[in-house]
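The values are calculated or read from the model by the stated rules, or taken from the named source; none is laboratory data. Since the structure is predicted, the reported quantities are computational estimates derived from the model, not experimental observations. Positions of Cβ are backbone-derived with ideal geometry, glycine not excepted, and every protein chain shown enters the neighbour counts.
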Number of protein chains: 2
Amino acid sequence: MSDSPDIHQQAGERLSFEPKPRNLDAYVLGEKVRTIHYGLGAIGSGVVRALVEDPMMEIVGAIDPHPSKAGRDLGEVAGVGHPLGVTVSYDADRVLNDLYADVVVHCTGSSLTEVYPQIVTLVSSEKSVISSCEELSFPWHRYPEISEKIDQRAREHGVRVLGTGVNPGFVMDLMPLMAATVSRRVKSVHVTRVVDTSLRRIQLQRKTGAGLSVKGFEEGARGGGIGHVGLRESLFMLADTLGWQKLDEVKETLEPVTAKQKMTTDYFSVDRGSVVGLKQSVRGVIDDREVIRLDLEMSLGATDPRDTIEIDGTPPVRLTIPGGIHGDVATTSIIANCVPYMAQSRATGLLTMRDLPAAPYYARPRSRD
Amino acid sequence: MSDSPDIHQQAGERLSFEPKPRNLDAYVLGEKVRTIHYGLGAIGSGVVRALVEDPMMEIVGAIDPHPSKAGRDLGEVAGVGHPLGVTVSYDADRVLNDLYADVVVHCTGSSLTEVYPQIVTLVSSEKSVISSCEELSFPWHRYPEISEKIDQRAREHGVRVLGTGVNPGFVMDLMPLMAATVSRRVKSVHVTRVVDTSLRRIQLQRKTGAGLSVKGFEEGARGGGIGHVGLRESLFMLADTLGWQKLDEVKETLEPVTAKQKMTTDYFSVDRGSVVGLKQSVRGVIDDREVIRLDLEMSLGATDPRDTIEIDGTPPVRLTIPGGIHGDVATTSIIANCVPYMAQSRATGLLTMRDLPAAPYYARPRSRD
């Protein structure tokens with residue numbers, strides 16, 4: 001408190017300094033991080049475009065069995081704008097056996113039971129895995145056996161596995177957990193994410209039911225294909241981290257948002273009364289008190305798009321991102337940003353975003369040991 | 001993408017599950033964390049009040065040489081409302097020699113050169129240290145030798161040292177670094193913090209120059225006592241983490257905010273034209289481009305108090321905390337929240353907030369090794 005701020009002597013100081021060590025893990029220095037890219041849809045291709053400009057990264061392989069992609073140059077498939085000299089292969093086993101790499105960027109699906117065999121193959125080839133699979137973001141509760149197996153296998157092979165993305169992975173789980181660092185006696189967490197899908201990918205618009213009748217939406221919600229995957233994963237990461245292991249009830253609801261008037265987008269023409277998107281919520285209740293509430297609205301022309309986090313604690317924290325974090329761009333950025341940590345950490349096993357340090361993209365320190 | 005959301009089967013699920021392992025470090029399980037509290041001013045006492053209610057914590061010792069505190073019961077000195085059975089000692093060496101503890105909560109001052117001998121003594125007694133010392137939050141650039149020595153000594157004794165608080169430590173450094181996780185090609189970071197000090201501690205009001213004439217403010221800014229300590233520490237944490245080790249220029253400015261009309265608070269009566277607070281800024285420049293700008297205003301009756309973070313990147317991120325995070329309460333909460341990590345991590349040496357995982361307060365997992 002008695003410190004002199006010493007302001008005036010500091011004006012115009014010229015600075016150049018060595019990167020400081022990150023203390024938590026000792027990193028390997030100097031070598032480039034070698035990546036293989038498995039799955040070249042919108043997210044997988046976006047990660048390629050994000051990494052290709054990073055001089056610390058070296059893309060060594062690519063896998064996608066789709067006939068429109070296999071056999072072509074990765075730069076072309078991923079929309080980089082120039083060839084990368086890496087041919088997309090349909091044959092995962094061969095790429096994994098033939099190539100040395102630190103990290104596989106895995107973007108093939110949302111369902112953990114579907115992608116589980118791929119994850120096991122990747123880990124068994126002694127490569128760490130960062131995946132956009134929503135259900136992998138915090139799978140311990142919903143898939144305890146698969147989680148245990150992935151964790152075990154990754155430890156055996158000395159590698160790491162992480163599922164991440166903007167949501168789940170950031171807005172509704174990591175960001176409130178970070179914000180809660182300034183608060184004690186946290187009584188509840190409420191996150192609201194409102195996304196205007198009108199300028200987003202057709203896949204997202206379809207996933208939210210745009211263009212369907214209400215009956216078609218309900219059918220899709222039951223049969224699959226309609227709905228966001230990840231709310232429960234976020235809820236469980238919050239509950240587990242905040243010490244709420246005993247939830248009396250977890251309620252999830254999904255309902256259509258309908259057009260108040262005829263709407264037209266690049267992909268859809270929606271009549272009044274038809275579906276423009278969805279509202280999906282999950283709530284965790286203890287002693288009749290809602291301790292966690294996650295509200296997601298994704299619809300064409302949604303008003304006041306935003307991300308809002310409200311933490312009832314000491315002190316309370318209310319945080320808003322007007323406009324909301326852009327979903328696809330942020331997901332590719334997060335995945336690209338986590339690659340250095342995944343390559344260089346000494347941790348092994350199944351990680352979740354709460355296990356990573358702030359700024360996982362920072363990985364250029366000197367080796368310490 | 002083909003996953004079924006499976007919504008309807010989840011309504012009303014009852015849950016009870018085991019805490020999941022944090023993967024990054026293996027923690028010791030089951031034992032309480034033992035703390036010693038060194039410095040019982042507003043912050044130090046606040047941390048005692050925050051920890052005393054936590055069943056995982058055990059306060060074993062307290063140090064404060066001030067005659068109004070030494071010899072009295074800690075509960076009384078810290079305003080807990082009941083005695084804690086721990087007597088505040090004036091004799092740091094004796095407490096450190098006599099008592100086993102995991103972590104010392106250290107809240108004695110802002111100046112690293114002043115508190116450095118205390119830190120060395122604490123570390124040498126094989127206790128980890130979490131400190132409110134602002135200059136310890138990222139000391140590598142400004143005090144490279146002291147940083148190296150603390151780091152070295154802490155490693156030798158197998159313990160950790162961390163400086164933290166709401167600012168520096170969170171709002172202007174950790175929070176923008178966290179937010180940048182969703183963004184690539186970050187071109188600049190701009191943080192604004194506006195604090196209305198009218199309801200805050202007299203110490204803070206005095207530190208910001210309230211009640212002084214403009215001449216008195218300038219004198220205080222030169223001679224010490226006026227100004228916020230920590231802007232440069234935050235700037236260096238940002239610059240170092242975001243890869244901006246070559247800053248052409250770092251400019252810091254400090255100016256008074258004056259009363260537009262007569263103002264009266266519990267502690268001050270300020271005439272029109274006299275000082276109600278300060279505006280302090282630090283900027284980091286590369287190639288004539290401002291890559292980091294941190295603006296802090298702290299004044300009586302400041303309008304629109306808030307914390308705002310703007311990241312120019314892909315995607316851009318703009319995040320606002322209307323009202324701003326409450327300084328003192330948040331500082332005590334952050335320190336209390338970091339104690340579990342400081343007690344149980346395996347990392348050794350001088351840490352900074354960027355080295356900790358999100359949710360450092362989460363530390364109740366099963367031991368894994």
Exactly one of (1) in contact with a Pro (Cβ under 6 Å, 6 or more places away or on another chain); (2) modelled with pLDDT of 95 or more; (3) not basic (Lys, Arg) is unmet by A:GLU255. Its number?
(1)
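Residues are listed down the side, and each one gets a yes or a no for (1) under 13 Å from A:LEU294 (Cα atoms); (2) touching a helix residue (DSSP H, G or I) at 6+ places or on another chain (Cβ under 7 Å); (3) within 12 Å of chain B (Cβ to nearest Cβ):
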{"residue": "A:THR197", "(1), (2), (3)": "no, yes, no"}
{"residue": "A:LEU204", "(1), (2), (3)": "no, yes, yes"}
{"residue": "A:GLY216", "(1), (2), (3)": "no, no, no"}
{"residue": "A:MET237", "(1), (2), (3)": "yes, yes, yes"}
{"residue": "A:THR241", "(1), (2), (3)": "no, yes, yes"}
{"residue": "A:PRO256", "(1), (2), (3)": "no, yes, no"}
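With A:ALA50, A:ALA78 as the choices, which residue is within 14 Å of chain B (Cβ to nearest Cβ), modelled with pLDDT of 90 or more and either in contact with a helix residue (DSSP H, G or I) (Cβ under 7 Å, 6 or more places away or on another chain) or surrounded by fewer than 16 Cβ atoms within 10 Å (Cβ to Cβ) (or both)?
Residue meeting the stated conditions: A:ALA50.
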Take the residues of the stretch A:320-340 that are touching a helix residue (DSSP H, G or I) at 6+ places or on another chain (Cβ under 9 Å), over 21 Å from B:ALA347 (Cβ atoms) and more than 7 Å from chain B (Cβ to nearest Cβ): which is surrounded by the fewest Cβ atoms within 10 Å (Cβ to Cβ)?
A:ASP328
Within the stretch B:55-73, track down each residue that is in contact with a strand residue (DSSP E or B) (Cβ under 9 Å, 6 or more places away or on another chain) and under 21 Å from B:PRO340 (Cα atoms).
B:MET56, B:MET57, B:GLU58, B:ILE59, B:VAL60, B:GLY61, B:ALA62, B:ILE63
Filter pass, B:TYR38 being closer than 23 Å to B:ARG201 by Cα, assigned by TED's automatic domain parsing to the domain that holds B:TYR143 and either at pLDDT 95 or above or of a type in the set (Asp, Glu) (or both)
yes
State yes or no: is B:MET178 in contact (Cβ under 8 Å) with a residue 12 or more places away in the chain, within 17 Å of the chain's Cα centre (by Cα), surrounded by 24 or more Cβ atoms within 10 Å (Cβ to Cβ) and within 16 Å of B:VAL282 (Cβ to Cβ)?
no
Of A:VAL95, A:VAL171, A:VAL120, A:VAL189, the only residue that is under 13 Å from A:SER234 (Cβ atoms) and over 18 Å from the mean Cα position of the chain (by Cα) is A:VAL189
Could you identify the single residue in A:GLU252, A:GLU233 that is surrounded by 22 or more Cβ atoms within 10 Å (Cβ to Cβ) and within 10 Å of chain B (Cβ to nearest Cβ)?
A:GLU252
Among the residues of the stretch B:5-28, is there at least one that is away from chain A (no Cβ under 11 Å) and either at pLDDT below 60 or in contact with a strand residue (DSSP E or B) (Cβ under 8 Å, 6 or more places away or on another chain) (or both)?
yes
Residue satisfying all of: in the stretch A:216-254; among the charged types (D, E, K, R) and under 22 Å from A:ILE309 (Cα atoms); farthest from the chain's Cα centre (by Cα) among these
A:GLU249
Among the numbered criteria (1) in the same structural domain as B:GLY44 (by TED's automatic domain parsing); (2) within 18 Å of the chain's Cα centre (by Cα), which one does B:TYR361 miss?
(1)
For A:VAL317, which of the numbered conditions (1) outside the structural domain of A:VAL159 (by TED's automatic domain parsing); (2) farther than 27 Å from A:GLN245 by Cβ; (3) buried (at least 20 other Cβ atoms within 10 Å of the Cβ) fails to hold?
(2)
Can you name every residue in the stretch A:228-246 that is assigned to a loop (DSSP other than H, G, I, E, B) and among the β-branched types (Val, Ile, Thr)?
A:VAL229
Quick test of your reading of the structure: B:ARG185 fulfils all but one of (1) surrounded by fewer than 19 Cβ atoms within 10 Å (Cβ to Cβ); (2) more than 9 Å from every other protein chain (Cβ to nearest Cβ). Name the failing condition by number.
(2)
Considering B:ASP307, B:ASP288, B:ASP266, B:ASP295, which residue is buried (at least 23 other Cβ atoms within 10 Å of the Cβ) and of a type in the set (D, E, K, R)?
B:ASP307
Take the conditions in contact with a strand residue (DSSP E or B) (Cβ under 6 Å, 6 or more places away or on another chain) and either farther than 26 Å from A:SER124 by Cα or of a type in the set (Val, Ile, Thr) (or both) and apply them to A:ALA78. Does it pass?
no
Only listed residue being closer than 28 Å to A:VAL129 by Cβ and free of Cβ contacts under 8 Å to residues at least 12 places away in the same chain, chosen from A:GLU219, A:GLU156
A:GLU156
Quick one: is A:ILE130 within 21 Å of the chain's Cα centre (by Cα) and away from chain B (no Cβ under 14 Å)?
no
Of (1) touching a His at 6+ places or on another chain (Cβ under 6 Å); (2) in contact (Cβ under 8 Å) with a residue 60 or more places away in the chain; (3) more than 30 Å from B:GLY46 (Cβ to Cβ), A:GLU310 fails just (3)
Quick check, is A:ALA343 of a type in the set (Gly, Ala, Ser), closer than 27 Å to A:GLY227 by Cβ, in contact (Cβ under 8 Å) with a residue 24 or more places away in the chain and crowded, with 18+ Cβ neighbours inside 10 Å?
no
Consider B:ASP307 carefully, then state whether it is among the charged types (D, E, K, R) and facing chain A (nearest Cβ under 9 Å).
yes
